[in-house]
1. In whole Å, what is the distance between the alpha-carbon centres of region 64-82 and region 9-25?
2. Would you please give the FRET efficiency between residue 348 and residue 211, computed as 1/(1 + (r/R0)^6) with r the Cβ-Cβ distance and R0 = 41 Å, to the nearest 0.05?
3. Would you please name the trypsin sites (Lys or Arg not before Pro) within region 195-229 that are DSSP coil residues with at most 10 other C-beta atoms within 10 Å of their C-beta?
4. Can you list which of the trypsin sites (Lys or Arg not before Pro) found in region 132-188 are DSSP loop residues with at most 12 other C-beta atoms within 10 Å?
5. How high is the relative contact order of region 155-260, given as a whole-number percent (alpha carbon pairs under 8 Å, six or more residues apart)?
6. Sequence gap at least 6, Cα distance under 8 Å: using those rules, report the relative contact order of region 206-360 to the nearest whole percent.
7. Within 10 Å of each residue's Cβ, count the other Cβ atoms and sort 231, 164, 420, 276 from fewest upward.
8. Pull up the cross-link candidates among the lysines for residue 180, meaning alpha carbon to alpha carbon under 20 Å and not fewer than 8 places away within one chain.
Amino acid sequence: MQITIQRPTQIGGQMTRISTHSTSIIIDLGHNLPSNDDKDALDNDSTIAELTQGCSAILYTHYHGDHIGLFHRVPDSIPQYIGPVAKQIVCRKYQQLCCLPEKECSAAFKHAFRTASNMKIFQAKQTLHFGDIAITPYFVSHSAYDSYMFLIEAEGKKILHTGDFRGHGYLSKGLEATLKYFVGQVDVLIIEGTMLARPEEKVRTEMELCQEATKQMNVHKYSFIHCSSTDIERLASFKNANNRIIPKRALITDAFQKDILDLFSRTAGKQSSCFDFGQVFTYNEHNQKLKEWMITNGFTMFVRATPKFHSYLDHLLPILPATETLFIYSMWNGYITNGSTQNTEYIRLQEYFANNKILHLHTSGHATAEVLRKVCNLTNPRLAIIPIHREKSTDFKSIGISPSLQEKIITQDYSMEGIDVILAPTSHTRQ
């Protein structure tokens with residue numbers, strides 16, 4: 001068996017290929033994040049065709065671009081799999097992008113939309129078989145809804161690929177039980193380590209975030225929220241905070257965000273009222289009746305850093321009392337600080353609220369060192385621990401696992417009991 005991991009010592013641009021003598025599958029095919037490389041060396045049809053040659057299937061842990069961003073480059077002959085709700089989100093995203101005026105972008109997005117529409121879906125805990133490889137997806141909490149870890153069984157070995165996950169979300173409760181009763185001990189653990197590079201970052205639970213949001217929103221009549229438009233748990237935190245205010249205020253957004261919230265209500269909302277967003281109103285700057293109702297009763301608006309929302313703010317902010325208006329930034333702080341990860345559009349959006357209360361209220365979508373340690377202990381890998389999705393400078397031993405587990409951490413090419421591990425940080429390796 002061969003395990004090949006592209007770019008293991010960076011956050012983003014993920015790809016793991018697992019091959020037996022007769023079958024190959026790939027987990028994730030992500031694009032570089034802007035901080036890693038302005039031009040992704042893998043982002044072309046010929047390279048992806050070479051990387052995926054002979055592959056039986058590609059399976060995606062979730063829909064973030066650093067895990068799925070190169071899916072549109074994959075030859076049509078290779079089936080691609082993703083969670084059922086995740087597929088709908090990807091399709092809705094590219095449907096939205098197809099509306100952009102630039103002809104060149106529009107053509108590329110239309111191709112991506114068609115490719116996403118043809119993706120196959122898998123279900124949690126239902127095993128898929130590709131040749132002599134069996135793969136079972138297990139649901140995890142992450143800042144992308146419908147995320148999964150994969151248990152891969154082949155040639156008498158068990159490999160767990162965690163994808164991105166965390167232990168402090170509403171949907172994290174099943175993590176320990178899943179590992180104890182469904183996964184058990186594995187031979188190889190491939191595990192993310194994003195938070196190892198951010199030891200100073202405050203990690204609160206989603207419930208704690210909701211409680212703080214409630215306090216702030218309760219004393220501000222008009223709340224504007226900038227968070228991920230597809231992070232169901234974060235959106236639910238602000239929805240739940242909004243619903244605790246008496247009288248309850250309306251949720252306002254645009255048609256795209258409303259479609260996403262309605263999708264969450266139809267799916268996760270059927271399992272828990274926490275994720276039922278109820279009636280969501282689409283803002284229209286020409287609808288004077290809606291605007292008057294919003295001003296009279298107060299509102300919570302989910303915003304994005306786009307020209308459309310700039311126009312909304314140009315119309316709304318001049319007529320709202322500055323002291324009653326709140327802007328909450330609920331994304332990673334690295335996007336609005338100096339450095340290679342800075343997003344100027346996010347900064348520009350925040351600048352609209354220079355005369356208002358601005359609150360930074362966020363918690364990570366990734367596992368803390370404590371949770372990483374728990375996963376290592378629960379799965380007790382027999383042969384190897386392979387850290388991925390981490391900064392090169394980080395030391396996975398720092399999570400505090402036992403010396404016997406520390407000895408199994410692999411950070412370079414290695415062979416053991418019929419398994420060859422190849423770590424390819426920059427170049428691509430043909431299988």
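1. So the two Cα centres are separated by 13 Å.
2. Details: r = 30 Å, r/R0 = 0.73.
Between residue 348 and residue 211 the formula returns 0.85.
3. Details: sites: 202, 204, 215, 221; in loops: 202, 204, 221.
For trypsin sites (Lys or Arg not before Pro) across region 195-229 that sit outside H, G, I, E and B with at most 10 neighbouring Cβ atoms in 10 Å, the list reads 202.
4. Numbers: sites: 157, 158, 166, 173, 180; in loops: 166, 173.
Answer in residue order: 173.
5. Values: 74 pairs, mean separation 27.0, N = 106.
For region 155-260, the relative contact order is 25 percent.
6. Numbers: 212 pairs, mean separation 45.8, N = 155.
Dividing the mean separation by the residue count of region 206-360 yields 30 percent.
7. Values: 231 21, 164 26, 420 13, 276 16.
Lowest count first: 420, 276, 231, 164.
8. 125, 157, 158, 374
Each value in this text was obtained by applying a stated rule to the coordinates, not by laboratory testing. Here the structure is a predicted model, which is why all the values come from computation and not from measurement. Note that we place each Cβ from the backbone using ideal geometry, even for glycine, and neighbour counts take in every protein chain shown.
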